[in-house]
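Novice: Starting off with a structure, shown below.
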Amino acid sequence: MQLHFNFISVKGTVTSSLQLSSTLLYGIVSLHNVVYVSAHDENGGIYKVSFNHDYGGLAEKIVSNGGSLCNKVHCLTTYNDNSFAFSDTGDSCIKTYNPSEKQYSVVVGNGKGTRDGSNAQFFQPTGICFDYGTLLTVDTSTGTLRMTSSVTS
């Protein structure tokens, strides 16, 4: 495989691949050398992916869309040393998930809307990025980029 972008070449060899049953894959994040992938379709959720160079990969669904932890996952991003964050477009919020404790919490988002502040609301939070205590969220339905500062674990 070879990518070209602005006169920079990136070369690599695909050593393993894995086909998931979900087709709407959107997010990917690595935490403690474990890869997590989000699938946005009705039967999707968050998958823990393990690769073995000799035998390919194995995907285990750890969070299901429509379940108590998540209504409809979209994007993933790193959050802290033990957790990753994900956008839940069904519940219109951003949540964190700690895989070792199997616990989640809502970071920001309190129902559908466009309100800012401590009771912020989103219509359809999709893309997210967490960096130095600041969470950036793309709200697709409203075409806005929202910044939430001083986010703590």
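Where a number appears in this text, it was derived from the coordinates with a stated rule and is not lab data. From a predicted model like this one, the values you see are computed outputs, not experimental measurements. Quick reminder, even Gly has a Cβ in these numbers, built from the backbone with ideal geometry, and neighbours come from all protein chains shown.
Novice: How about the range 124-153: which of its residues are in contact with an Asp or Glu (Cβ under 9 Å, 6 or more places away or on another chain) and surrounded by fewer than 16 Cβ atoms within 10 Å (Cβ to Cβ)?
Specialist: Leu145, Ser153
Novice: Yes or no: the range 76-90 includes at least one residue that is in a strand (DSSP E or B) and either free of Cβ contacts under 8 Å to residues at least 40 places away in the same chain or of a type in the set (Asp, Glu) (or both). Give the derivation first.
Specialist: Restricting attention to the range 76-90, the residues satisfying the condition of being in a strand (DSSP E or B) are 76-78, 84-88.
The next check asks that each one be either free of Cβ contacts under 8 Å to residues at least 40 places away in the same chain or of a type in the set (Asp, Glu) (or both); those that pass are 88.
Within the range 76-90, one or more residues are in a strand (DSSP E or B) and either free of Cβ contacts under 8 Å to residues at least 40 places away in the same chain or of a type in the set (Asp, Glu) (or both).
Novice: Considering only residues that are assigned to a strand (DSSP E or B), in contact (Cβ under 8 Å) with a residue 24 or more places away in the chain and of a type in the set (Ser, Thr, Tyr), which ones fall in the range 91-126? Spell out the reasoning first.
Specialist: Within the range 91-126, the first condition is being assigned to a strand (DSSP E or B), and the residues that meet it are 93-98, 103-108, 112, 122, 125-126.
After this cut, where a residue has to be in contact (Cβ under 8 Å) with a residue 24 or more places away in the chain as well, the list is 93-97, 104, 107-108, 122, 125-126.
Once the filter is applied, which keeps residues that are assigned to a strand (DSSP E or B), in contact (Cβ under 8 Å) with a residue 24 or more places away in the chain and of a type in the set (Ser, Thr, Tyr), the range 91-126 yields Thr96, Tyr97, Tyr104, Thr126.
Novice: Could you tell me whether the range 95-102 includes any residue that is within 19 Å of Glu42 (Cα to Cα) and in contact with a strand residue (DSSP E or B) (Cβ under 6 Å, 6 or more places away or on another chain)?
Specialist: Checked against the condition, which is being within 19 Å of Glu42 (Cα to Cα) and in contact with a strand residue (DSSP E or B) (Cβ under 6 Å, 6 or more places away or on another chain), the range 95-102 yields at least one hit.
Novice: Before we move on, is Tyr47 in contact (Cβ under 8 Å) with a residue 24 or more places away in the chain, more than 18 Å from Cys129 (Cα to Cα) and within 13 Å of the chain's Cα centre (by Cα)?
Specialist: Values: in contact (Cβ under 8 Å) with a residue 24 or more places away in the chain: yes; more than 18 Å from Cys129 (Cα to Cα): yes; within 13 Å of the chain's Cα centre (by Cα): yes.
In short, yes.
Novice: Continuing with this model, one more query. What number of residues within the range 137-146 are outside any loop (DSSP other than H, G, I, E, B), within 17 Å of the chain's Cα centre (by Cα) and touching a residue at least 12 places away in the same chain (Cβ under 8 Å)?
Specialist: The initial filter retains those residues of the range 137-146 that are outside any loop (DSSP other than H, G, I, E, B), namely 137-139, 144-146.
Subset that is within 17 Å of the chain's Cα centre (by Cα): 137-139, 145-146.
In the following step, the residues that additionally are touching a residue at least 12 places away in the same chain (Cβ under 8 Å) were identified as 137-139, 146.
The qualifying residues number 4.
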